[in-house]
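Working notes, beginning with the structure itself.
Since every read-out is calculated from the coordinates, none of them should be taken as a lab result. Just so we're clear, the structure is a prediction, and the values are computed from it rather than from any experiment. Note: ideal-geometry Cβ built from the backbone for every residue, glycine included; neighbour counts use all protein chains shown.
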Ligand code: MG
């Protein structure tokens, strides 16, 4: 079993700004696993919020020696092996996990969603994210996002009211709001959410810092919109402790370490009666398509990372009027563009 990796710089169509920073280029690592004449693709999109950089990913992948395993079907054992190399490093682990799953699907000649017993007609609509920007750019981005029926608006700034005024001036679409931990006190978060309840918002993602679970539980008692944990929800072991403070969880492959852990999180959250959202980082069609195969299991999808870039090196899942469209090709169903 041979694992190789290559850095690719994804270029953003617009500068992507959220409450804690901005970026124009996002470096990712594309991995390939080759075994018995079959190749599977994977991807890591590291986030400094979770302690990873392009260098930590490449360093981690150098330490992944799969020669001790006889074939990529040994997914459980390989994922345990990855966790034993070092804690964290979720995006690097995801790059291996996705490539192994792609390999398995290609080897068996079936798309991943079928191997999990899912129906591709059940994929949800994905939201399209509008980052923090000037009024002119926000209007332009919303116009460009015309075909997407649900928008996700990044707030958590000191000019949230101005941003929402611009958004509501140009669109009546349902909105989801992501504060990215930006509201610094529970009183401020309460005030903002009470106001957003009147603005056609479906839910609020991560209103406050991940360190303020008690504040979030206080908030949940006082608001009518569902609260979804993102920065608070990294891996499986986080999920049970969130059910008092949040109504749902935003699961991302790059936070949790891959498709197997994401599946465990989905079922755990379901058992706790929580809503499930599947999100992403800025990623190419490799990782977005991987998540899309799980999407028939979730309530909300925010799988737009590949739609925000101008040089996607792969083709994979399509989006039609917001709906995620999976192909019947084996594995992920992704292919390099050249
Ligand atoms: Mg978020």
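Using the Cβ-Cβ distance between residue 134 and residue 67 with R0 set to 35 Å, the FRET efficiency from 1/(1 + (r/R0)^6) comes to roughly 0.10.
Projected onto planes of every orientation and averaged, the convex hull of the alpha-carbon atoms in the stretch 142-234 covers 5.9 nm².
What is the percent of Cα-Cα separations in the chain that go past 29 Å? Walk me through the numbers before you get to the answer.
Values: 19984 of 56953 pairs.
Result: 35 percent of Cα pairs exceed 29 Å.
From the Cα gyration tensor of the stretch 282-337, with a ≥ b ≥ c the square roots of its eigenvalues, which class applies: rounded if a/c is under 1.5, or else prolate if a/b is larger than b/c, or else oblate? Oblate is the answer for the stretch 282-337, as a/c is 1.5 or above yet b/c matches or exceeds a/b.
Solvent-free Debye calculation, one equal scatterer per alpha-carbon of the stretch 228-323: log10 I(q)/I(0) at 0.12 Å⁻¹ equals -0.35. Only beta bridges with both residues in the chain are counted; by DSSP, about 55 percent of them are antiparallel. Exposure proxy shown here: for 73, 16, 246, the number of other Cβ atoms within 10 Å sets the order, fewest to most, as 73, 16, 246.
Helix 160-170: angle to the longest alpha-carbon principal axis of the chain, degrees 0 to 90, nearest 10? That helix lies at roughly 80 degrees to the long axis. Classify the stretch 36-166: rounded, prolate or oblate, from the alpha-carbon gyration tensor (a ≥ b ≥ c, eigenvalue square roots; a/c under 1.5 rounded; otherwise prolate if a/b is larger than b/c)? Since a/c reaches 1.5 but b/c is at least a/b, the shape of the stretch 36-166 is classed as oblate. Taken over the alpha carbons of the stretch 2-108 as equal point scatterers, the Debye sum produces base-10 log I(q)/I(0) values at 0.23 Å⁻¹ of -1.21. Across the stretch 1-22, the residues whose backbone nitrogen lies under 19 Å from the label position 7 Å along the beta-carbon direction of residue 338 are 5-12.
Using just the helices of the chain, give the 222 nm mean residue ellipticity in deg cm²/dmol: DSSP H runs with n ≥ 4 each add -39,500 (n - 2.57), and the total is spread over all residues, rounded to 500.
Details: 11 runs with 110 residues, N = 338.
So the calculated ellipticity at 222 nm is -9500 deg cm²/dmol.
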